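The values are calculated or read from the model by the stated rules, or taken from the named source; none is laboratory data. These figures come from a predicted structure and were not determined experimentally. Don't worry about glycine lacking a Cβ; one is built from the backbone with ideal geometry, like all the others, and counts go over all protein chains shown.
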Amino acid sequence: MTPYRLSSGGLVDRSKPLSFSFDGKEMQGFEGDSLASALLANGRLLVGRSFKYHRRRGILTAGAAEPNALMTIGEGGRTEPNTRATVQELYQGLTAQSQNRWPSLDVDVGALNSLLSPFLGAGFYYKTFMWPAALWEKLYEPFIRRAAGLGRATYEADPDGYEKSWAHCDLLVVGAGATGLAAALAAGRAGARVIVADEQSQAGGGLLSETATIDGKAAHAFAAETLAELAALPNVTLLPRTTVFGWYDGNVFGAVERVQKHVGIPAAHLPVERLWRIVAKEALLATGAEERPLVFGGNDVPGVMMAGAMRTYLNRYGVAPGRQVAIFTTNDTGYALAADLEAAGIPAAVIIDSRSRPAPSGYNGRTRIISDAVVSDASGGKALSGITVRTRNGSETIKVDALAMSGGFNPVINLACHRGGKPQWSDEKATFLAPSGLKGLSLAGAAAGIDGLAACLEDGAAKGTALAESLGYGSTQPSFGAVTGEIAPAPAKPLWTIKGVRGKAFIDYQNDVHRKDLGLAVQEGYGHVELAKRYTTNGMATDQGKLSNVNAIALLAEARGVSPAEVGTTTFRPFYTPVSFGALTGTSHGHHFQPVRKSPLHNWAKKNGAVFVETGLWYRSSWFPRAGETGWRESVDREVKNARKNAGLCDVSMLGKIEITGADAAEFLNRVYSNAFLKLPVGKARYGLMLREDGHIYDDGTTSRLAEDRYFMTTTTAYAAGVMNHLEFCAQALWPDLDVRLASVTDQWAQMAIVGPKARAILERIVDADLSNEAFPFLGAAEISLFDGAVHGRLFRISFSGELAYELAVPAGYGESVADAIMEAGREDGIQPYGVEALAVLRIEKGHVTHNEINGTVVPGDLGFGRMVSSAKPDFIGKHMLAREGLNAPERPQLVGVVPLDPAKSFKTGSHILAKDAAATLENDQGYVTSSCYSPHIHSTIGLALVRRGSSRHGEEVMIWNGLRDEFTPGRLCDPVFFDPANEKLHV
Amino acid sequence: MSKYRVTLRPALDGKQPIQRNGVSLEARPEGTLLHLLAPPSTNELPCFSEYAANLSLRPVSPGQWFAVGDTALPHADLQALASSLKSEADIVDQSHGRIRILVRGPMAMRVLAKGTAVDLAIFPVGHSATTLIGHITAHVTRIDEDAFELIVLRGFAESLWDELVQMSLEFS
């Protein structure tokens, strides 16, 4: 047995020993231990070094608020820094390392900081490292960060899995102590859907540390029985090891479940952590109360501990806190601890009670009591050696090796304040309570400021019953029998400033903020609670001031001579305790980082050797390299030339496709497009321009009329969803009187562009219809059959390349097979697949625009589309704003072509246009290159650009300026249509 | 007869059903899936079952349904159905655009809760909702006490399948 482990008592299983290591030293604990309890059982008091002064620190609490015992757990990719030893369950083989020390925990060079402490007070960063400014980033900050700090994250990949899940309930009970269990039982028995979330490894909260009995049963046995009943109820879900960390809009609570943080080698099929989003009709916070430290000198010496924590280590884990124990209290809980110590055979040496009153009636122990007294200082190095007790009559030094302190209790109200509510000061309770009148959330038990086990059980049962009733579940309030042997905390007498303190009296342990720092903040004008927090760092870092905030506020209040109510609190925000990035990421990493959207021609492209490029979530074929080609340009040049000489096949399935039906579909289109659509004949396609209300172009595409009341619209790939939303809004909100129905059919059709002079000959071999120019001219659109009626599809004679071209749509499942057939049918004609790179070259050669040019700032006239703005239509979206003066100004950037004067020179998209001899300045900027490529037909780089008055400057020499690379290319503005300006090829 | 042989390639080609403890995943046959579009005020399609008894209806939005079936409807039959139903609803064929995945078993809800915010426990049989499963939009219908049918865009079908395999891993 380890030196401080009691031979009996507690809830650990002494028949199941577990080995673990701390800083390389092998130790033993038991199943049921926390890492902290196991360390204490091994007599390990010194477990960490403080943030700034590197002071020796021991375990202070037994829960989530722990500021000192932060450790790095695990190895390799499973390394987890800043783990609270008080929360971490012990498992076989656990390895823990202390942090913020070098070369070792016992001998730490950083402790020299303590000697410099007169210079390291609040705000020292701001005062000390002012000059020279250049050294801040290079020297001061890296040095400070190295010297002060927490653990270090690993650079290795995390081998474990994480996931997220939603949950829904009538009632979420946060905390499974006496209050929470009573409430859950009441609502669960009534039939409500209840979720009980508890952050500890074992549900039961304070019941697991309590020696009072309930209806004659041990408190922990009562907890186990109640949990068993709850677990058996089908409408109740228990979430152990689950911390509810935030309250969000819609009464959604964020919680993180430590599914496998208590095992050495996690099972691969389970996540290690699961992030819950819990949607609750009502929530009840049964989160209990946090015990307040007392601010005396040396209150951080290892061996000083919260009284409640000491009681937990004693009663739950069977660990003796020391041989000579003192208890410094401002309320009656100190006496409960004293009684438990006596019962365990470790009589407390002394109780120092700040109040002037007799021991509570429930206490019959023999410990010496010094009332109306305080501990002003604790002394010791690696372990506590003595305390100084001051009374009205003088002071006394007492040798002890453990000191419990209790300054009263702060209800844990964090969640209740996450949505803007401010904590309310209570003079009666001498602490902050949750704001009242919260919707969907209430508090019970100690979290509501109620003292004592019996009262908490009663309150939990009553509130659980009332909430169930309010949710429509009739219920009888459970009763639990008499609570016997309890010493409740009340009444507390707040004790903020302790007189006669000599050593450093810490308020915020984690940030090394001591009493004088707050005084300094007030003295220097940073007395406002928000300023004091930033100035002193009180309440920051991983514990977020769980132990320190109320003490800090009360001491600020005293320094300012006002009430704590007037000082108020800083803003409470999620997260209540730190949440790992893994849990927040869930499964969204690696293969599951984001969905992949695959074209129905994906496999066809893959087997033809496509190189894919991510376009949003789509994987598009970029080019199709062939053996012997040395780079992408060579492949693209070949694809482009072949498309203009023979034929090419390009996958355009990603274009948005929307089917529009209804008696008023024509009128609807006429209103959403700027050009006329009312009289588009059946069997015809038309290019359409869609404007925003502000007159700027939103999207473009072709729309074909397949029947009197049926249209097939295409959109750009990027705006497919946006246009669908826009049309739905127009149909549902703007013109609900129109009979128009919309269906997104993007995924229904595999769509292929068959492009080039031989396109018709190839298609005629598979399409059943007459494709002659007379029967199916440019802009024809028809529902057709293929392969002698085996497949039914749609054919559109439209062209983005300027060639004789068709777009063939077939049901997606046939896509690959039809593309194979086209390749086979076109083999003798030299058909080749081409990708989006070649598609871009073909369209730039032809001067066709995409969203490179439709960049959100252009109106139709800027792109030479003035004729596509109908003057005859009474209205269409964008019509009225288009008349604004600024949108018709002659100085507007306009679409223009641009080429280098020397064909051997090149330029990049994004380069800016300067007048020929102008200096390269922002003031002289005349526009920029929106698209560019190498054209194997022009034999040089060509570009499209938006240039001031561009359309009237064809032939003008300019300078193309790439400011990022400091490149200057002399160029000439020209007609944006580089190829077949008369459009003769379209109509063959 | 054309010399070219065309074949269908299902979006979830090669994905074998997954059977885990308490939940199974299965790609439904790519048969028929018709999008029925009626005026938004339409609450029901009284003639539909008369003309298409072998198709089941899934509500989509006011005045819109998906009609689904395991076998493909020949082109001529679809044309005939469209004209028969013309007075009630327009039909847009989505048989290739939407893929159906069946998630079945007592743990189906637990699996789907990892993706959707819809409270499936109070979701009556026959009800549908369009929701996100993780990052992917899907149309969910409770077709039986322990069975949910997901309808997803074809392009996302493989990704959704991969997600469901991951989401159900807990029950392997």
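Which residues, counting only those in region B:109-154, are among the small types (Gly, Ala, Ser), more than 8 Å from chain A (Cβ to nearest Cβ) and surrounded by fewer than 20 Cβ atoms within 10 Å (Cβ to Cβ)?
Answer for region B:109-154, where residues must be among the small types (Gly, Ala, Ser), more than 8 Å from chain A (Cβ to nearest Cβ) and surrounded by fewer than 20 Cβ atoms within 10 Å (Cβ to Cβ): B:Gly126, B:Ala129, B:Ala147.
Keeping to region A:333-361, report how many residues are among the acidic types (Asp, Glu) and within 23 Å of A:Phe296 (Cα to Cα). Even if it seems obvious, please write down each step before you answer.
Filtering region A:333-361 down to residues among the acidic types (Asp, Glu) leaves A:340, A:342, A:353.
Okay, now just the ones that are also within 23 Å of A:Phe296 (Cα to Cα), so A:353.
Result for region A:333-361: 1.
What are the pairs with Cβ atoms under 6 angstrom where one residue, in region B:158-172, is more than 8 Å from chain A (Cβ to nearest Cβ) and the other, located anywhere, is in a helix (DSSP H, G or I) and surrounded by fewer than 23 Cβ atoms within 10 Å (Cβ to Cβ)? Sequence gap at least six, or different chains.
Short answer, once both residue conditions are applied: none.
Would you confirm whether any residue within region B:99-107 is facing another protein chain (nearest Cβ under 10 Å), under 17 Å from the mean Cα position of the chain (by Cα) and modelled with pLDDT of 95 or more?
Step one: of region B:99-107, the residues facing another protein chain (nearest Cβ under 10 Å) are B:99.
Filter once more, so that each one left must be under 17 Å from the mean Cα position of the chain (by Cα): B:99.
From what's left, modelled with pLDDT of 95 or more: B:99.
So far as region B:99-107 goes, yes, one or more of its residues are facing another protein chain (nearest Cβ under 10 Å), under 17 Å from the mean Cα position of the chain (by Cα) and modelled with pLDDT of 95 or more.
Report, by residue number, each residue of region A:734-757 that is facing chain B (nearest Cβ under 10 Å) and in contact (Cβ under 8 Å) with a residue 40 or more places away in the chain. Lay out the reasoning, then the answer.
Step one: list which residues in region A:734-757 are facing chain B (nearest Cβ under 10 Å), which gives A:736, A:739-750.
Once the filter is applied, which keeps residues that are facing chain B (nearest Cβ under 10 Å) and in contact (Cβ under 8 Å) with a residue 40 or more places away in the chain, region A:734-757 yields A:Asp739, A:Val740, A:Arg741, A:Leu742, A:Ala743, A:Ser744, A:Val745, A:Thr746, A:Asp747, A:Gln748, A:Trp749, A:Ala750.
Conditions first: (1) more than 48 Å from the chain's Cα centre (by Cα); (2) part of a loop (DSSP other than H, G, I, E, B). A:Ile370 passes all but one, so which condition is the exception?
Condition (2) is where A:Ile370 drops out.
With respect to the numbered conditions (1) out of contact with any strand residue (DSSP E or B) (no Cβ under 7 Å at 6 or more places or on another chain); (2) assigned to a helix (DSSP H, G or I); (3) surrounded by 11 or more Cβ atoms within 10 Å (Cβ to Cβ), which one is the sole condition not fulfilled by A:Gly121?
(2) is the only condition that A:Gly121 fails.
Of everything in region A:781-826, what is closer than 17 Å to A:Asp768 by Cβ, of a type in the set (A, V, I, L, M, F, W, C) and either touching a Gly at 6+ places or on another chain (Cβ under 7 Å) or not in a helix (DSSP H, G or I) (or both)? Give them in sequence order.
A:Ala781, A:Ala782, A:Ile784, A:Leu786, A:Phe787, A:Ala790, A:Val791, A:Leu795, A:Phe796, A:Leu808, A:Ala809, A:Val810
Given the condition small (Gly, Ala, Ser), part of a helix (DSSP H, G or I) and in contact (Cβ under 8 Å) with a residue 40 or more places away in the chain, answer yes or no: does some residue in region A:512-530 qualify?
From region A:512-530, those small (Gly, Ala, Ser) are A:519, A:521, A:525, A:527; that's our starting set.
If we keep only those that are part of a helix (DSSP H, G or I) too, we end up with A:519, A:521.
Those still in the list that are in contact (Cβ under 8 Å) with a residue 40 or more places away in the chain too: A:519, A:521.
Yes, because at least one residue in region A:512-530 is small (Gly, Ala, Ser), part of a helix (DSSP H, G or I) and in contact (Cβ under 8 Å) with a residue 40 or more places away in the chain.
Determine whether A:Ala825 is over 50 Å from the mean Cα position of the chain (by Cα), within 20 Å of B:Glu30 (Cα to Cα) and not polar (S, T, N, Q). If you could, list the steps in order and put the result at the bottom.
Working: over 50 Å from the mean Cα position of the chain (by Cα): yes; within 20 Å of B:Glu30 (Cα to Cα): no; not polar (S, T, N, Q): yes.
Against the criterion (over 50 Å from the mean Cα position of the chain (by Cα), within 20 Å of B:Glu30 (Cα to Cα) and not polar (S, T, N, Q)), A:Ala825 does not qualify.
Answer yes or no: is there a residue in region A:637-656 that is touching a Leu at 6+ places or on another chain (Cβ under 7 Å) and within 14 Å of chain B (Cβ to nearest Cβ).
Within region A:637-656, the first condition is being touching a Leu at 6+ places or on another chain (Cβ under 7 Å), and the residues that meet it are A:640, A:643, A:650-651, A:653.
Filter again for within 14 Å of chain B (Cβ to nearest Cβ), leaving A:651, A:653.
Within region A:637-656 (the criterion being touching a Leu at 6+ places or on another chain (Cβ under 7 Å) and within 14 Å of chain B (Cβ to nearest Cβ)), the answer is yes, since at least one residue qualifies.
Among the residues of region A:779-794, which ones are away from chain B (no Cβ under 14 Å) and surrounded by 23 or more Cβ atoms within 10 Å (Cβ to Cβ)? Explain how you work it out, then say what you get.
If we filter region A:779-794 for residues that are away from chain B (no Cβ under 14 Å), which is where we start, we get A:779-782.
Within region A:779-794, A:Ala781 is the sole residue that qualifies.
Would you mind stating whether B:Ala121 is over 18 Å from A:Leu270 (Cβ atoms), touching a strand residue (DSSP E or B) at 6+ places or on another chain (Cβ under 9 Å), assigned to a strand (DSSP E or B) and among the small types (Gly, Ala, Ser)?
Numbers: over 18 Å from A:Leu270 (Cβ atoms): yes; touching a strand residue (DSSP E or B) at 6+ places or on another chain (Cβ under 9 Å): yes; assigned to a strand (DSSP E or B): no; among the small types (Gly, Ala, Ser): yes.
Against the criterion (over 18 Å from A:Leu270 (Cβ atoms), touching a strand residue (DSSP E or B) at 6+ places or on another chain (Cβ under 9 Å), assigned to a strand (DSSP E or B) and among the small types (Gly, Ala, Ser)), B:Ala121 does not qualify.
In region A:365-384, what count of residues is obtained for those that are of a type outside the set (A, V, I, L, M) and more than 17 Å from A:Thr329 (Cα to Cα)?
The first filter runs over region A:365-384 and keeps only residues of a type outside the set (A, V, I, L, M), leaving A:365-368, A:371-372, A:376-377, A:379-382.
Imposing the further condition that a residue be more than 17 Å from A:Thr329 (Cα to Cα) reduces the set to A:379-382.
Result for region A:365-384: 4.
Quick one: would you say A:Arg671 is farther than 26 Å from A:Tyr806 by Cβ, over 38 Å from the mean Cα position of the chain (by Cα) and either within 14 Å of chain B (Cβ to nearest Cβ) or at pLDDT 95 or above (or both)? Walk me through how you get there before you give the answer.
Values: farther than 26 Å from A:Tyr806 by Cβ: yes; over 38 Å from the mean Cα position of the chain (by Cα): yes; either within 14 Å of chain B (Cβ to nearest Cβ) or at pLDDT 95 or above (or both): yes.
When the stated conditions are applied, A:Arg671 passes them.
Return the total of residues in region A:294-321 being in contact with a Phe, Trp or Tyr (Cβ under 8 Å, 6 or more places away or on another chain) and in a loop (DSSP other than H, G, I, E, B).
So the answer is 7.
Keeping to region A:886-915, report how many residues are out of contact with any helix residue (DSSP H, G or I) (no Cβ under 8 Å at 6 or more places or on another chain) and part of a loop (DSSP other than H, G, I, E, B). Even if it seems obvious, please write down each step before you answer.
Kept after step one, since they are out of contact with any helix residue (DSSP H, G or I) (no Cβ under 8 Å at 6 or more places or on another chain), are these residues of region A:886-915: A:886, A:889-891, A:897-913.
Within this subset, residues satisfying the condition of being part of a loop (DSSP other than H, G, I, E, B) are A:889-891, A:901-911.
Here the count works out to 14.
Of all residues in region A:1-43 being part of a loop (DSSP other than H, G, I, E, B) and farther than 22 Å from A:Gly345 by Cβ, which is farthest from the chain's Cα centre (by Cα)? I'd like the intermediate steps shown before the answer.
Keep residues of region A:1-43 that are part of a loop (DSSP other than H, G, I, E, B), which gives A:1-4, A:6-12, A:23-24, A:32-33, A:42-43.
Retained after the next criterion (residues that are farther than 22 Å from A:Gly345 by Cβ): A:23-24.
Values: A:Asp23: 33, A:Gly24: 35 Å.
It comes out as A:Gly24.
Please tell me if A:Glu693 is out of contact with any Asp or Glu (no Cβ under 7 Å at 6 or more places or on another chain) and assigned to a loop (DSSP other than H, G, I, E, B).
Yes; evaluated as a whole, the condition is true for this residue.
Take the conditions closer than 24 Å to A:Tyr162 by Cβ and of a type in the set (Gly, Ala, Ser) and apply them to B:Ala113. Does it pass?
Values: closer than 24 Å to A:Tyr162 by Cβ: yes; of a type in the set (Gly, Ala, Ser): yes.
Against the criterion (closer than 24 Å to A:Tyr162 by Cβ and of a type in the set (Gly, Ala, Ser)), B:Ala113 qualifies.
Report those strands (runs of 3 or more DSSP E) wholly inside region A:169-288 carrying at least 1 residues which are on the phi < 0 side of the Ramachandran plot, within 14 Å of chain B (Cβ to nearest Cβ) and within 23 Å of the chain's Cα centre (by Cα).
Details: elements: A:194-197, A:236-239, A:242-248, A:252-258, A:273-285.
The strands (runs of 3 or more DSSP E) meeting that bar are A:236-239, A:242-248, A:252-258, A:273-285.
Considering only residues that are closer than 19 Å to A:Gly830 by Cα and more than 14 Å from chain B (Cβ to nearest Cβ), which ones fall in region A:758-776?
Scanning region A:758-776 gives A:Lys758, A:Ala759, A:Arg760, A:Ala761.
What single numbered condition from (1) at pLDDT 95 or above; (2) over 30 Å from A:Ala821 (Cα atoms); (3) in a loop (DSSP other than H, G, I, E, B) fails to hold for A:His848?
With respect to (1) at pLDDT 95 or above; (2) over 30 Å from A:Ala821 (Cα atoms); (3) in a loop (DSSP other than H, G, I, E, B), A:His848 is out only on (2).
So how many residues does region A:111-163 have that are closer than 24 Å to A:Thr79 by Cα and among the basic types (Lys, Arg)?
The total comes to 3.
Kindly indicate whether any position in region A:936-952 is part of a loop (DSSP other than H, G, I, E, B) and among the hydrophobic types (A, V, I, L, M, F, W, C). Even if it seems obvious, please write down each step before you answer.
Of region A:936-952, the ones part of a loop (DSSP other than H, G, I, E, B) are A:936-939, A:949.
Remaining after also requiring among the hydrophobic types (A, V, I, L, M, F, W, C): A:938.
The answer is yes; a qualifying residue exists.
Can you pull out the residues in region A:710-738 that are part of a loop (DSSP other than H, G, I, E, B) and surrounded by fewer than 19 Cβ atoms within 10 Å (Cβ to Cβ)? Full working, then the answer.
Keep residues of region A:710-738 that are part of a loop (DSSP other than H, G, I, E, B), which gives A:716-719, A:735-738.
Hits for region A:710-738 are A:Thr716, A:Ala718, A:Trp735, A:Pro736, A:Asp737, A:Leu738.
Scanning for something within 14 Å of chain B (Cβ to nearest Cβ), assigned to a helix (DSSP H, G or I) and in contact (Cβ under 8 Å) with a residue 40 or more places away in the chain, does region A:605-616 turn up at least one residue?
Yes, the conditions are met somewhere in region A:605-616.
When you scan region B:59-68, do you find a residue that is within 14 Å of chain A (Cβ to nearest Cβ), polar (S, T, N, Q) and more than 16 Å from the chain's Cα centre (by Cα), even just one? Let's see the steps before the verdict.
So in region B:59-68, the residues within 14 Å of chain A (Cβ to nearest Cβ) come out as B:60-67.
From what is left, the residues that are polar (S, T, N, Q) are B:61, B:64.
Those left that are additionally more than 16 Å from the chain's Cα centre (by Cα): none.
Checked against the condition, which is being within 14 Å of chain A (Cβ to nearest Cβ), polar (S, T, N, Q) and more than 16 Å from the chain's Cα centre (by Cα), region B:59-68 yields no hits at all.
Can you tell me which residue within region A:588-603, out of those that are buried (at least 22 other Cβ atoms within 10 Å of the Cβ) and in contact (Cβ under 8 Å) with a residue 60 or more places away in the chain, is farthest from the other protein chains (Cβ to nearest Cβ)?
A:Leu601
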